[in-house]
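Contents: one structure, followed by commentary.
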Amino acid sequence: MTQRLTPGTAALLVTAPLLWAGNAVVGRLVHAMIPPITLNFFRWVLAFAILLPLAHGVLRKDSPLWPHWRRYAVLGLLGIGLYNALQYMALQTSTPINVTLVGSSMPVWMLAVGALFFGASVTRQQLLGAVLSITGVLIVLSRGEWNQLLALRLVPGDLFMLMATASWSFYSWLLVKTSEPASLRGDWAAFLMAQMVFGLGWSGAFTGVEWSLGHTQIDWGAPLLAALAFIAVGPAVLAYRCWGVGVQRAGPAVAGFFVNLTPLFAAVLSAAFLGETPHLFHGVAFAFIVGGIVVSSRR
């Protein structure tokens, strides 16, 4: 596994947080229109339909997927069945600042999971990078006023986001464990489709539980349809493609720092779509976050 960060790899790892920031904004906008786990299920059904023409061979009986079905069942559970469902659940009961704050612990989770379960070493530079990057996130969350952080109160949604962050950390580390043939790993569409096959099963089962609890209200209309189209094409297919390749090139520990660009991008998107004007602290936060990425990835 290489830890070298090239401009091309950096571009891939920046694109994913940008699309995920849009996913958070859209998820919050439609949280009253559709149950959260159902939203996640519909998202991946559409993504499956998009990828089917490109990777239908994965479903054949002689596909290299089936000998490795256990691995892809786990990847589908962590990356598709759990992560975004938990995030959408968090947005139902928690404020955006709390959800983003919990999500900013991603670099720490990446380093901890790697050290405890995958035998990865943690360097001083990575620890320093984690401090710098999280400092940048806290600047965004506090809007440059640290006393704002003292007013935070944890709610059940924060626990959901913590579980989502842990799930994504394990998912990212498992991405770099290569056990399948190159014919599957080398084809990005087939690789993602292999995860979707099982991820849809997990997500569908979770949706069934949600509906059995009486959460079935869906307000169909143009806003919800547009939201589903965006989160299926952008945050699902394109972001997962960029993240998967970026993690394989740079390694999960380095890639984890790029996730902290998400709240910064969310602030920019809020300015564009919600009328919130960017401030000086956004630039300061950007410097800290990028500084954390650079420090952690240097040899």
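The values are calculated or read from the model by the stated rules, or taken from the named source; none is laboratory data. Predicted model, so just to flag it, every value in this text is computed and none were measured. Please note: Cβ atoms are built from the backbone with ideal geometry, for glycine as well, and neighbour counts cover all protein chains shown.
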Residue satisfying all of: in segment 57-76; farther than 11 Å from residue 197 by Cβ and more than 23 Å from the chain's Cα centre (by Cα); surrounded by the fewest Cβ atoms within 10 Å (Cβ to Cβ) among these:
61
Count of residues meeting criterion [of a type outside the set (Gly, Ala, Ser), part of a loop (DSSP other than H, G, I, E, B) and either in contact with a His (Cβ under 7 Å, 6 or more places away or on another chain) or at pLDDT 90 or above (or both)] in segment 166-219:
7
Take the residues of segment 249-299 that are over 13 Å from residue 136 (Cβ atoms), in a helix (DSSP H, G or I) and of a type outside the set (A, V, I, L, M): which is modelled with the highest pLDDT?
249
What number goes with the only condition from (1) of a type in the set (Gly, Ala, Ser); (2) surrounded by 15 or more Cβ atoms within 10 Å (Cβ to Cβ); (3) under 30 Å from residue 111 (Cβ atoms) that residue 201 does not pass?
(3)
Might you let me know whether segment 205-219 holds any residue that is in contact with a helix residue (DSSP H, G or I) (Cβ under 6 Å, 6 or more places away or on another chain), within 30 Å of residue 67 (Cβ to Cβ) and of a type outside the set (Gly, Ala, Ser)?
yes
Answer from 280, 269, 225 - the residue that is of a type outside the set (Gly, Ala, Ser) and without any contact (Cβ under 8 Å) to a residue 12 or more places away in the chain
225
Quick one: would you say residue 227 is farther than 26 Å from residue 80 by Cβ, under 18 Å from the mean Cα position of the chain (by Cα) and of a type in the set (Gly, Ala, Ser)?
no
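Would you mind stating whether residue 241 is part of a helix (DSSP H, G or I), under 21 Å from the mean Cα position of the chain (by Cα) and without any contact (Cβ under 8 Å) to a residue 60 or more places away in the chain?
Yes: the conditions hold for residue 241.
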Only one of 45, 14, 30 is surrounded by fewer than 23 Cβ atoms within 10 Å (Cβ to Cβ), within 17 Å of residue 86 (Cα to Cα) and in contact with a Leu (Cβ under 9 Å, 6 or more places away or on another chain); which?
30
Listed residues 22, 79; which is crowded, with 24+ Cβ neighbours inside 10 Å, part of a helix (DSSP H, G or I) and within 15 Å of the chain's Cα centre (by Cα)?
79
Residue satisfying all of: in segment 204-229; β-branched (Val, Ile, Thr) and within 20 Å of residue 47 (Cα to Cα); surrounded by the fewest Cβ atoms within 10 Å (Cβ to Cβ) among these:
218
Could you tell me which numbered condition residue 4 fails, if it satisfies all but one of (1) modelled with pLDDT under 90; (2) in a helix (DSSP H, G or I); (3) farther than 24 Å from residue 194 by Cα?
(2)
Looking only at segment 121-139, count how many residues are within 15 Å of residue 254 (Cβ to Cβ) and of a type in the set (A, V, I, L, M).
5
